[in-house]
Amino acid sequence: MKSLDSKTPNQDWHPNIWPPFTQINKSKPQIEVTHGKDALLFTKDPKNELIDAISSWWVTLHGHSNEYIADAIFNQSKKLEQVIFADFLNPQAKKLVEILRQLKKLKRLFFSENGFTEVEVALTIAYQ
């Protein structure tokens, strides 16, 4: 078994990065992406444009470099970047919950950042 501390099988692999879900000994090296716009990814090779069809993985549902989203994030970060919901509330959460409550006619909502937490909390709420 080879270690990442030794030479990697292919010199094109970064020696200090182990990408998720990858068998380094059998996979091609990663493609280095320099930037993205909408559904496209751009690499170091200007002739190599790629369509990012993995929109459900992480946060690219609305495309890369979306100006509306980038501006909203920038403006929000000047006020408040993140605050934990345990014992705290913020105006953005109140605004979002009102919109969702009207759309879905729900009394209470729980915000979560991942499926594992939602299932854990749903079980805890059901038990209580």
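The values are calculated or read from the model by the stated rules, or taken from the named source; none is laboratory data. Computed from a prediction, not measured in an experiment: that's the story for all the values here. We place every Cβ from the backbone using ideal geometry, glycine too, and count neighbours over all the protein chains shown. Protein only, heavy atoms only, side chains kept; ligands, DNA and RNA dropped before computing areas. Shrake-Rupley method; radii C 1.70, N 1.55, O 1.52, S 1.80 Å.
Compute the Rg to Rh ratio over the chain from the alpha carbon atoms, using the Kirkwood formula for Rh, and round to two decimal places. List each step's numbers first, then the result.
On the way: Rg = 20.8 Å, Rh = 19.2 Å.
For the chain, the value is 1.08.
Given H placed 1.01 Å from N in the peptide plane, which residues other than close sequence neighbours of His64 have an amide H under 5 Å from its amide H?
Result for His64 returns Lys37, Asp38, Ala39, Leu40.
Mind checking the dipole of the chain: about its Cα centre, +1 per Lys or Arg Cβ, -1 per Asp or Glu Cβ, Debye to the nearest 20? All intermediate terms of the calculation are to be shown ahead of the outcome.
Numbers: 16 positive and 15 negative charges, 75 e Å.
In debye, rounded to 20, the chain gives about 360.
Scan region 21-85 for trypsin sites (Lys or Arg not before Pro) in coil per DSSP, keeping those whose Cβ has at most 11 other Cβ atoms within 10 Å, and list them by number. All intermediate terms of the calculation are to be shown ahead of the outcome.
Values: sites: Lys26, Lys37, Lys44, Lys47, Lys78, Lys79; in loops: Lys26, Lys44, Lys47, Lys78, Lys79.
Within region 21-85, the qualifying trypsin sites (Lys or Arg not before Pro) (loop, at most 11 other Cβ atoms within 10 Å) are Lys26, Lys44, Lys47, Lys78, Lys79.
Kindly provide the helix-only [θ] at 222 nm of the chain, computed as the sum of -39,500 (n - 2.57) over DSSP H runs of four or more divided by all residues, to the nearest 500 deg cm²/dmol? Working shown, then result.
Values: 3 runs with 38 residues, N = 128.
Taken over the chain, the calculation gives -9500 deg cm²/dmol.
Which lysines does Lys44 reach when only Cα atoms under 17 Å apart count, and residues fewer than 8 places away in its own chain are ignored?
The reachable lysines, counting only those whose Cα sits under 17 Å from Lys44, are Lys28.
How much length is gained on full extension from Ser112 to Val97, taking 0.36 nm per residue of separation minus their Cα-Cα distance?
Numbers: separation 15, 0.36 × 15 = 5.40 nm, distance 1.29 nm.
The Ser112-Val97 span can extend by a further 4.1 nm.
Going by average Cβ neighbours within 10 Å, how do the peptides 64-75, 100-111 rank, with the highest at the top? List each step's numbers first, then the result.
Numbers: 64-75: 11.4, 100-111: 9.5.
Sorting 64-75, 100-111 by mean packing, highest first, produces 64-75, 100-111.
Under a cut-off of 16 Å between alpha-carbon atoms, report the aspartates and glutamates in cross-link reach of Lys94, not counting same-chain residues fewer than 8 places apart.
Output for Lys94: Glu81.
Give the relative contact order (percent, whole number) for the chain; include only Cα pairs under 8 Å separated by 6+ residues.
Numbers: 72 pairs, mean separation 13.1, N = 128.
So the answer I get is 10 percent.
For a quick check, take a GNM of the chain with Cα springs below 10 Å and name the residue from His35, His14, His62 with the largest mean-square fluctuation.
Ranking His35, His14, His62 by mean-square fluctuation puts His14 first.
Could you work out what % of the accessible surface of the chain is carbon and sulfur, using a 1.4 angstrom probe and leaving DNA, RNA and ligands out of the count? Intermediate values should be presented prior to the final figure.
Details: 6860 of 11630 Å².
Looking at the chain in its full context, I get 59 percent from C and S.
Calculate, for the chain, the solvent-accessible area per residue in square angstrom, rolling a 1.4 angstrom probe over the heavy atoms of the protein chains.
On the way: 11630 Å² over 128 residues.
On a per-residue basis, the chain sits at 91 Å².
Pick out which of Ile54, Ile31, Ile17 has the largest mean-square fluctuation in a Gaussian network model of the chain, springs linking Cα atoms closer than 10 Å.
Its mean-square fluctuation being the largest, the pick is Ile17.
Quick one: how many Å² of Thr60 are accessible to a 1.4 Å probe, rounded to 10?
Its heavy atoms expose roughly 30 Å² to the probe.
Using each residue's phi in region 114-128, evaluate 6.51 cos²θ - 1.76 cosθ + 1.60 at θ = phi - 60° and report the 3J(HN,Hα) Karplus result to the nearest Hz, with x for Gly and Pro.
My calculation for region 114-128 gives 7, x, 4, 5, 4, 5, 4, 5, 4, 5, 5, 5, 4, 5, 5 Hz in order.
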